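S.K.: Below you'll find the structure I mean.
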Amino acid sequence: MTDQTSPSRAEPSPPQPSKTRHRLKILSYNVHSCIGTDRRLDPARVAEVIAAVEPDIIGLQELDVGRSRTGGIDQAHAIASLLQMEFHFHAALNVAEEQYGDAILTALPARMVKGASLPSHGEQRGALWVEIEVGEHRLQVFNTHLGLLGGDRMRQIGEILGGSWMGAPDCQGKPKILIGDFNAIPLTATYKAVARQLADAPLLSGVKPRATFPSRLPLLRIDHVFVSSEVTPIATQVVSTPLSRKASDHLPLLVTVEL
């Protein structure tokens with residue numbers, strides 16, 4: 001008899017862990033100190049506009065905290081409380097005990113990484129950076145309100161894109177979202193500087209981007225959401241309703257993304 005050796009069989013590959021896709025709604029909203037186009041001061045109305053679209057992560061600009069002109073209210077706290085979210089606030093401007101600045105709100109686990117002033121020759125501007133846990137991801141979210149002067153905007157966005165913010169080692173290889181009122185339409189050098197490094201989310205979501213300012217008759221697309229390559233935009237909406245056209249001089253920009 002001839003000794004025959006049975007052919008060897010390849011060992012089956014171990015099952016690969018499935019990657020969970022996480023869908024998030026991201027909102028950018030300049031709330032104009034919660035003073036509407038009808039000149040009415042009403043943080044609850046701003047919260048109502050936001051609640052209607054159920055965002056997961058919110059970047060707010062132009063918030064008053066403890067300012068006499070708006071009744072001494074902590075607007076970041078008031079809006080976050082109404083939405084049942086936590087918030088992180090950075091004051092771009094401090095005058096005695098009065099503050100004015102930007103915030104990031106979410107109900108997801110989050111920690112403040114950085115809040116700082118940006119180089120400004122005109123009105124002082126700032127930005128904040130919050131890390132948000134989304135399943136296995138550590139999403140890096142940045143929110144800012146850039147200046148009215150072109151030179152200021154270029155210095156400010158250069159700082160945010162640079163090594164102490166989005167270019168920092170802690171940011172590398174992680175999904176990133178930049179939210180804000182840039183005071184810059186797509187033709188500007190400021191917008192183009194960002195677009196060289198990040199994707200303009202509305203352009204990738206399959207709809208023609210719409211203007212956000214002024215809210216009653218929008219002509220300018222100056223409110224933006226930019227994303228890194230790890231983030232996929234799938235839908236965009238400029239929230240234009242009778243209430244949103246009154247609540248602020250900007251309309252909210254809502255972008256749905258997947259991680």
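The numbers here are math on the coordinates, done by the rules we state, and not lab data. Predicted model only: the values in this text are computed from it and were never measured. Positions of Cβ are generated from backbone atoms using ideal geometry, with glycine treated the same way; all protein chains shown enter the neighbour counts.
S.K.: Give the aspartates and glutamates reachable from K208 as a straight Cα distance under 15 Å; neighbours fewer than 8 places away on the same chain don't count.
M.R.: Hits, sequence-local ones excluded: D200, D223.
S.K.: Hey, fewest Cβ within 10 Å first, where do R138, R40, R196, R221 land in order?
M.R.: With the fewest neighbours first, R138, R40, R196, R221 line up as R196, R40, R138, R221.
S.K.: Starting from the coordinates of the alpha-carbon atoms of the chain, obtain the Kirkwood hydrodynamic radius over all distinct pairs and give the value in Å to one decimal.
M.R.: The answer is 19.1 Å.
S.K.: Restricting attention to the alpha-carbon atoms of segment 74-131, what are Rg (one decimal) and Dmax (integer), both in Å?
M.R.: 12.2, 37
S.K.: Please list, ordered by chain and number, the residues whose modelled amide H lies under 5 Å from the amide H of L93; skip anything fewer than 5 residues away on the same chain.
M.R.: The answer is Y100.
S.K.: Extension gain E54-R111, at 0.36 nm per residue separation less the Cα-Cα distance, in nm?
M.R.: Numbers: separation 57, 0.36 × 57 = 20.52 nm, distance 2.11 nm.
Here the answer is 18.4 nm.
S.K.: Moving on. Tell me, how many Å apart are the Cα centres for segment 96-135 and for segment 202-259?
M.R.: The distance from the Cα centre of segment 96-135 to that of segment 202-259 comes to 20 Å.
S.K.: Also: Would you calculate, for the chain, the mean residue ellipticity at 222 nm contributed by helices, counting each DSSP H stretch of 4 or more residues as -39,500 (n - 2.57) and dividing by all residues, to the nearest 500?
M.R.: -4500 deg cm²/dmol
S.K.: In vacuo Debye scattering of segment 71-205, one point per C-alpha: log10 I(q)/I(0) at q = 0.09, 0.17, 0.19 Å⁻¹?
M.R.: -0.28, -0.99, -1.19
S.K.: If one computes P(r) from the Cα atoms of segment 158-259, what percent of pairs lie at distances over 18 Å? Mind dumping the intermediate values first?
M.R.: Numbers: 2519 of 5151 pairs.
Of all Cα-Cα distances in segment 158-259, 49 percent exceed 18 Å.
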